[in-house]
Structure formats: C-alpha cells, structure tokens
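The values are calculated or read from the model by the stated rules, or taken from the named source; none is laboratory data. All figures in this text were calculated on a predicted structure; none of them were measured in a lab. Here Cβ is always computed from backbone atoms with ideal geometry, including for glycine, and neighbour counts include all displayed protein chains.
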C-alpha cells in the first residue's frame, strides 16, 4: 500500500471513485483533493545521531454540494467502505446545512484543463546512512569552528517527495509531483556568562541546488558568533533594515491584507484600497506561478483554477487583490487563481547588496531576527521583538538584543526606501533586504 501513494494514476482513480460515489449519494457536484508525501529526516546533536524519522503523510479532502449547501470530510483510509462513510458524512452535513449563495465549484472555463508540468519533482537518491554522515559532518565542522561554540541544537537533513491531485465533477483532473529537501544547523555560543543561539539552512526542490554542508556549517557558526556581546538600546526612532529572510514576513503581511477572506470579513487595513498608492512609485509586486524549480510554483490552485501571473502592485499602486473562487464571489469580483495563497511572489529590487543598503541607511538598526506575533491586520499596527545590529556610518558596530520595533504596516510600506539585490530564494516570497525610513525602537 505504501508505494501506491507515489503513483499519480492510482491517486487519480481514487479521486474518480470518490466523485462517482458522491453523485450516487445525491450530491449535485463535488470536488476531491489528495495530498501525499513520503520521506525521512535525520538529526544529530553534539556529534551523536539523535533522531531518524520516516514519514508518510496522506490526506483526502472531500467537498460535496447539494445545490448551494456544502459539506466536507477528510480521510486517509482508502478502503471502499471508508470512502463511502466519508462521502456519506459530507453529504449529511450538506443536506442539513444552510444555503450559501456563493458556494460551488469554480466555473468550468476557469479550470486548468491545459497545464504544463511545473518541474518541481527532483527525488534525492540518498540513503539514511549517507544523510547521517552529512549531518554529522555539518555539525562537526560548525562545532570545531571556534572554542566559543559550546553546544548545538542539532544539524538535520530531510527529504520528501509527494503528489498533489485534484479533481471535480466538471470533469477536471489534475496532478503534479513535488520534492522538498533541506539541511540545517543550529548552534549555541558562549562567552563568559552570555549565551547566544542562531542557525542557517539551505532548501530546494532540487538537491543539486542545495548549499554544501560546509557552507551551512560556517554560516551557522558565523551568525551565532556575531551575536555575542549583544547590548540593549535606549528607546528611539531610527531607520530600520530587515534582512531578506525577515523582509519576507513584511510581504507576507501584505499578502494577508489583500487576501479575499480577510477582505470580505472586513478584517484588513487594505480594504477598499484598489487603485490607491500603498508603496512608493518604484515598487512592483507580482506573482510568477510557473517558474521551474521554485517551491511556490503550481499549475492550478486549490479550486482547480489555472494559475497565472498576477501583478498586485504596479508603480506603488494596488492593482489586484488575491482571490479564490469563494472570496471573489463574496466580493463581486473574479478569482485570481489564488485559492490557497500566492505562488512565487516577487518584489522589485534595487542594485545595492546589503552592504550598500547599510551605507544608504548610515545610522540605524539592522534586524536579523524577529519574535512574537504582534500584528493587527485590521489596523495594520505592527510590534515585534527583535535582535540585530546597531549601525553607524554604514558600518555594523555591535549586536543588539531585547528590543521591540513598532510601527504601522501602512506607514512602513509607504516609507519603504529601497529593496536590496540580496534576494533570499528559499521561500515562496522572494525579496532582498528592505530599508524602512523610520520605526520606533523600544528599549531601555
């Protein structure tokens, strides 16, 4: 049974069987999504193997419609009696549920009947023994780097391969495979009574694009050692640079604010802002869902709608929301193929690397890590714990800890000075470091 979860034709047959069963049980329409993943991970800590874990995750989501009434259920047992029971449960919910005029499948003409392979599947031919050797090597290099690195939170390697299959009663059936591989290392450095922790990682769907274990080990060691000698700041207003890895979160909040669910619930500070300036005129933010070897790529969204390039910000102006079928109907608009989120979001970058941005900032705060979740999406108020470095004359002076940075996302976006060319390619949102004109830093 384990191998059939990696067989897309078998999974498509399961989807077809469920769709047929839903119609037999009285549903007017239905849709089914199957996600399956199989892989393993290994972790070492202090030069000893700590964990070897094999994983096989599988989930089947069923949604049925009785006119404008909806019912859903999930299962991972593919025996026919389990399928019938799950479909029956969904049908019972739909029969007795309230009508929703916006419920239903995507219009047939929007579905991705003609799509290309997103080129996301690159299985890693690596054994558990080889993975263990690599994690031990990574951790050993890091621990040997400097006597001040006294402990390790672990080095790890994981590899996963899987399939996503979606079908509905409009006759659409789509599938694509994807892999995900990563190596990480987390360290603790100590000097006198002070202890600091940091990490580094590499991530890709193609193992050939991963950084070497040596690179990860040295980067983790360097980042951890740089945090020793951290100080606090007095409260002040200063320019702030978010390194690329943390700048991704700023754009994630933007995506949340233009997402249909938050908009129709009126829980977004960007409600009714289409056609209005949100960012400076030099900023463009767009989505590119069909780029090969990028983890965010997908040929269709969770509604089966064909994904497409979307421009959300053009010359600083909000040009489009981020919508799935249901939220688009609620808002009286058209879906943008974003049920489930964005697929490879890019922001326009300048020509300066991080060092160039530091020189532009001259004096201010470089944020390298954020803590807490102090974001109010209704008002845009933003407050996070932060660590980083104090910068003067465009040069890092010393590490900073135990501070809070605060502002409002609307002001932060409007006062975005520049985006660096140091793009972090490891996630679905790709951005360089971001310089914000001014934020409040709360300290002593």
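Here are some notes:
- The residue that is farthest from the chain's Cα centre (by Cα), among those in the range 5-21 that are over 17 Å from residue 77 (Cβ atoms) and assigned to a helix (DSSP H, G or I), is 20.
- Qualifying residue in the range 355-371 (condition: in contact with a helix residue (DSSP H, G or I) (Cβ under 6 Å, 6 or more places away or on another chain), surrounded by fewer than 21 Cβ atoms within 10 Å (Cβ to Cβ) and more than 30 Å from residue 31 (Cα to Cα)): yes
- Just one of (1) at pLDDT 95 or above; (2) over 25 Å from the mean Cα position of the chain (by Cα); (3) more than 15 Å from residue 298 (Cβ to Cβ) fails for residue 172. It is (3).
- Scanning the range 74-94 for residues that are touching a residue at least 40 places away in the same chain (Cβ under 8 Å) and surrounded by fewer than 18 Cβ atoms within 10 Å (Cβ to Cβ) yields a count of 3.
- If you go through the range 56-73 and keep only what is loosely packed, with under 14 Cβ neighbours inside 10 Å and under 17 Å from residue 163 (Cβ atoms), you end up with 57, 59.
- Qualifying residues in the range 233-264 (those that are under 23 Å from the mean Cα position of the chain (by Cα) and either at pLDDT below 95 or assigned to a loop (DSSP other than H, G, I, E, B) (or both)) - the one farthest from residue 201 (Cα to Cα): 258
- Residue check, residue 363 closer than 17 Å to residue 440 by Cβ, assigned by TED's automatic domain parsing to the domain that holds residue 444 and in contact (Cβ under 8 Å) with a residue 60 or more places away in the chain: yes
Yes or no, residue by residue, for (1) part of a helix (DSSP H, G or I); (2) within 30 Å of residue 6 (Cα to Cα); (3) under 29 Å from the mean Cα position of the chain (by Cα); (4) outside the structural domain of residue 292 (by TED's automatic domain parsing):
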{"residue": "89", "(1), (2), (3), (4)": "yes, yes, no, yes"}
{"residue": "102", "(1), (2), (3), (4)": "no, no, yes, yes"}
{"residue": "115", "(1), (2), (3), (4)": "no, yes, yes, yes"}
{"residue": "153", "(1), (2), (3), (4)": "no, no, yes, yes"}
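- Looking across the range 397-411, the residues that are touching a strand residue (DSSP E or B) at 6+ places or on another chain (Cβ under 6 Å) and closer than 19 Å to residue 197 by Cβ come down to 398, 399, 400, 401, 403.
- Boolean, residue 70 is in the same structural domain as residue 130 (by TED's automatic domain parsing), within 27 Å of the chain's Cα centre (by Cα), under 22 Å from residue 301 (Cα atoms) and in contact (Cβ under 8 Å) with a residue 24 or more places away in the chain: no
- Beta carbons closer than 8 Å, at least 6 apart along the sequence or on distinct chains, never pair a first residue in the range 30-43 that is free of Cβ contacts under 8 Å to residues at least 24 places away in the same chain with a second that is buried (at least 18 other Cβ atoms within 10 Å of the Cβ) and not in a strand (DSSP E or B).
- From 81, 107, 31, residue being over 30 Å from residue 217 (Cα atoms), assigned by TED's automatic domain parsing to the domain that holds residue 131 and modelled with pLDDT under 95: 81
- Residue list for the range 315-332, filter: in contact with a helix residue (DSSP H, G or I) (Cβ under 9 Å, 6 or more places away or on another chain) and within 26 Å of residue 414 (Cα to Cα): 316, 321, 322, 323, 331
- So residue 380, is it at pLDDT below 95, touching a helix residue (DSSP H, G or I) at 6+ places or on another chain (Cβ under 9 Å) and farther than 29 Å from residue 229 by Cβ: no
- Any hit, the range 314-334, residues being crowded, with 20+ Cβ neighbours inside 10 Å, within 20 Å of the chain's Cα centre (by Cα) and not in a loop (DSSP other than H, G, I, E, B): yes
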